[in-house]
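Only the coordinates and a few stated rules stand behind these numbers; no lab work does. Computed from a prediction, not measured in an experiment: that's the story for all the values here. We place every Cβ from the backbone using ideal geometry, glycine too, and count neighbours over all the protein chains shown.
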Amino acid sequence: MSLADQKTAKPGMRTGTRRNLPEGLLFEGADWDFDTIQRVFDACEEIAIDELGLDVYPNQVEVITAEQMLDAYSSIGMPLFYKHWSFGKHFASHEASYRKGMRGLAYEIVINSNPCISYIMEENTATMQTLVIAHAAFGHNHFFKNNYLFKQWTDADGILDYLEFAKGFISDCEERYGHGPVEMVLDAAHALMGQAVHRYPRKVRPDLRTEEKRERERRLHEERMYNDLWRTVPTKDKGTPDDADLLRRHALLQLPQENILYFLEKTAPKLAPWQREALRIVRLIAQYFYPQGQTKVMNEGCATYVHYKIMNRLHETGRISDGSMLEFLRSHTNVVYQPQFDEPHYGGVNPYALGFAMMQDIERICETPTDEDREWFPDIAGKGDHMAVLRDIWANYRDESFILQFLSPHLMRQLKMFHVVDDEDEPDLEVRAIHDERGYRKLRRAMARQYDIAHTDPDIQIVDVDLAGDRRLILQHTMLNRVGLEESDTRRTLQHLADLWGYDVLMREVDPETEMVVKEHTASARRRLV
């Protein structure tokens, strides 16, 4: 249910009336109705736009049940999505844990679209609805609209239309070709989703609104390209191919190619047109989520900082009560809690905690810098207008560059950071840097590297195709720090790749320092996906 479409509450929903409220309060107690949500939204918008200077997409706030929130979890938070068995599996798992009290639910889910859609649970109290509106509808919304990665890689104007097209296309394919063949293609495409993105900006930004009408034109064009490609394949009796043949083949196939689904969509010899379009749908969704994986700390830090500023401002101006403020602080403290490394439930660095701490620290550096701050951050120390600095940072950095540029010695000491190296060739762990004068820069580089996709994602590229022989597809994994791929996952994923390609697949793991092949993995197509 949205504010625009629903004026009355559902049976059983918390309700309240404006006339019983003390002077100035937006709400009192836990109960709320849609008029309350509208008042809360207007108050948050006033602070976000007029005081914090945020620039946001138009907002659409939807109230959903706990079961609907679980469903949104299962389909990676998208309001419209095609059906796949894995979503049901995730739903059943999440629901069982939730019903047993073994896990909670997110208070909100927000969609990077125009308008920006924020889902809030009807079970939330009025205070929590205020918090999540400030967090999602203004914090995340501003970040989605202004960060350069989202501008480069996503089409907020067209994503909802494209999801509707994708859902209808997959549904039509199931009716025409059967659920089994469609499921096999989606299974294979989902297995390769992590290697289905372009990591460098393309000449043309994505325009998802035109995808549906371009689908038929693209299919006809690709069929012509496909026919030309395989019509000109050299045969064995032409002798050993020379360097010119190699260069021509690489130019024709756009090799090396890091986007595996893109390559299969364009050149796999045995795929039907509908299967190519299914691969395109999966890879465009993967590309849509690509910026989010690089901006987790910044995105959550921005949203948490914004909700913290808005909630404090609402309390200062008497629009929420002391009781509501205490409820907010309890929730906020849980969100930004960072367990110590030796606590049983430590699970790494909490992105909410690190992001929020860095945003607050940047505000401190801008407003009340120390001599150390002036030495480390001469461009922003003492500048005064911290919101202008933060808005610039939110627009022009990703997690890796943000941490490398703005993680301060003050915050490293406060968080008690240290750098541990785990070398498989050494019997003991080594503490290589601590939060002191000698270790600050090492710590900052080590922390930033954890958010660098070059260090977190395997570098796997298609490097050649044996067009003159058995049409074997050849891939190369360039190892980082001698770390190879996990054997069982690699075997299963290569099998999916071979099924889509239709012929044998070979992947070599190469040590970049010695250029030696450390390991080889192979797979043969076991079935046609038609």
What does a probe at D31 reach in region 290-333, counting residues whose amide N is under 11 Å from the point 7 Å along Cα→Cβ?
none
For region 475-488, Karplus-derived ³J(HN,Hα) couplings (6.51, -1.76, 1.60; θ = phi - 60°; whole Hz; x for glycine and proline) come out as 10, 9, 9, 7, 6, 10, 6, 6, 8, x, 7, 5, 4, 5
For D157, which sequence-distant residues (separation of 5 or more, or a different chain) have an amide H within less than 5 Å of its own amide H, given hydrogens modelled in the peptide plane?
N114
Restricting attention to region 475-530, which trypsin sites (Lys or Arg not before Pro) occupy a DSSP loop and are surrounded by at most 14 other Cβ atoms within 10 Å?
R482, R526, R527, R528
5 Å is the cut-off here: which amide hydrogens, built 1.01 Å from N in the peptide plane, fall below it relative to R471, excluding neighbours closer than 5 in sequence?
D466
State whether region 384-477 is rounded, prolate or oblate according to the following rule on the C-alpha gyration tensor (a ≥ b ≥ c being the square roots of its eigenvalues): a/c under 1.5 gives rounded; otherwise a/b larger than b/c gives prolate, and the remaining case gives oblate.
oblate
Give, in nm to one decimal, the length gained when the segment between Q450 and T333 is fully stretched (0.36 nm per residue of separation minus the Cα-Cα distance).
39.7 nm
Nonlocal amide H pairs with R432, under 5 Å, H built at 1.01 Å
H419, V420, V421
How high is the relative contact order of region 430-530, in percent, counting Cα pairs under 8 Å that sit 6 or more residues apart?
21 percent
Place the peptides 330-341, 165-176, 147-158 in order of packing, highest mean first, counting for every residue the other Cβ atoms within 10 Å and averaging per peptide.
147-158, 165-176, 330-341
